[in-house]
Amino acid sequence: MTTPVLRTLTALRAATRSWHMSGETIGVVPTMGALHDGHLSLVAAAKAACDRVIVTIFVNPKQFNQSSDLDNYPRTEAEDARKLERFAVDALYVPEVDQIYPEGFATNVSVGGMTDVLCGAHRPGHFDGVATVVAKLFTQTAADKAFFGEKDFQQLMVVRRMARDLDIPVDVIGCPTIREEDGLAMSSRNLLLSDRARTKAPRLAMEMEAVVRELGQGAAFQALQSRAIAGLEAAGFTGVDYFELRSCADLRLLERPAEPARLFAAAWLAGVRLIDNIDVPVFSG
Ligand code: PAF
């Protein structure tokens, strides 16, 4: 089925109003396009949980802190629409910039605390851009449920906090990271990797898994961290923004996973910034 494409807020509101009036629940999957199987797993989760599903594609200028990154971001709308056909979603919302940020737009949504670390510390303003656009997409779509990948775990936490703090009545649902066969977490940015860089990219997840295994045997994190960073550099990564063990509850740094924890990493490979995070089983030995 060809997916109906809506480009204006007026058209979107007309659709969502009639769905809500018929008592139907609405799910939204916010994306920046360049859809891969990770996104499609979110669409499948939304289809299973909601009567109506909207996928949004908006390459949000406010969340890019480098204009070259915004310019290089892959844009593949026609192919994205084709990939969605088999899911029979109810709308693909692809707004122009003025539908999200109309002339004179002056509001910034900023979530405190948890945005000071990890990607927040390395990409100034990034999470304000995310929180602002997602707040807009939540209110524009009036969705009952919203689906986000755990691949961007900090983003998921920020979005949850924002929706709670602003009393936006949406249930924010996190879905597991989908990986390529060689372990690389799926990401639209993987399209930017050269063939050569692509062969090296799985090293990030490999180093992370090795660290998680040793944490499970009682090793302290610090030595594992240095070894993993050295391993990444030896494999051709040109910089590691962070490789950290943090609490799932509040992103506090941890030395041992004595509480629910995740290992977070961001590293540069051939000019592309890859991020990943994995669950670390609690070890109380
Ligand atoms: O994860 C993304 O693709 C983006 O950050 C999001 C949530 C669509 C907001 O622009």
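Computed from the coordinates by the stated procedures, all read-outs in this text should not be read as laboratory data. This one's a predicted model, so the numbers in the text were calculated from it and none came from an experiment. Cβ coordinates were reconstructed from backbone atoms using ideal geometry, including for glycine residues, and neighbour counts include every protein chain displayed.
Placing dummy labels 7 Å off each Cα toward the beta-carbon, the span from ALA258 to ALA234 is 3.2 nm.
Within the listed set ASP144, ASP128, ASP250, the Gaussian network model of the chain (springs between alpha-carbon atoms below 10 Å) gives the highest mean-square fluctuation for ASP250.
Cross-link partners of LYS83 among lysines, defined as those whose alpha carbon lies under 18 angstrom from its own and excluding same-chain residues fewer than eight positions apart: LYS47.
Extending 7 Å from the Cα toward the beta-carbon at both ALA106 and ARG213 defines two label points whose distance is 5.8 nm.
Helical runs assigned H by DSSP (4 residues or longer) give the chain a calculated mean residue ellipticity at 222 nm of -11500 deg cm²/dmol, each run adding -39500 (n - 2.57) before division by the residue total. Under 11 Å from a label point 7 Å along Cα→Cβ of ALA270: give me every residue in region 173-191 with its amide N that close. Residues 191 fall inside that zone. Springs join every pair of Cα atoms under 10 Å in this Gaussian network model of the chain, and among ALA261, ALA135, ALA48 the largest mean-square fluctuation is at ALA48.
Put a dot 7 Å past the Cα of ASP116, heading toward its Cβ, do the same for ASP37, and the two dots end up 4.0 nm apart. Select from ALA121, GLN154, LEU70 the residue farthest towards the positive end of the dipole of region 32-175; place +1 on Cβ of Lys and Arg, -1 on Cβ of Asp and Glu, and compute about the Cα centre. After comparing all options, I get GLN154. Membrane-span-like helices in the chain, defined here as complete DSSP H runs extending at least 27 Å along the helix axis by their C-alpha atoms with mean Kyte-Doolittle hydropathy no lower than 1.6, are absent; this is a sequence and geometry rule, not a statement about a membrane. Once Lys and Arg get +1 and Asp and Glu get -1 on their Cβ, which of ALA270, PHE283, ALA210 lies farthest toward the positive end of the dipole of region 179-285? It is ALA270, whose Cα lies furthest towards the positive end.
Result for the chain in a Gaussian network model with C-alpha springs under 10 Å: among GLU103, GLU180, GLU207, the largest mean-square fluctuation is at GLU103.
How much net charge surrounds ASP250 when only the other residues with a Cβ under 13 Å from the Cβ of ASP250 are counted, with Lys and Arg +1 and Asp and Glu -1?
+3
Charges were assigned to the Cβ only: +1 to each Lys and Arg, -1 to each Asp and Glu. The resulting dipole of the chain about its Cα centre is roughly 100 debye. Stretched out straight at 0.36 nm per residue, the stretch from ARG75 to ARG227 would grow longer than its current Cα-Cα span by 51.0 nm. Each of LEU137, LEU224, LEU191 was scored by other Cβ atoms within 10 Å of its Cβ. Arranged with the fewest first, they read LEU191, LEU224, LEU137.
Could you tally the net charge around PRO169, taking each other residue with its Cβ under 14 Å from the Cβ of PRO169, Lys/Arg +1 and Asp/Glu -1?
My count for the surroundings of PRO169 gives -1.
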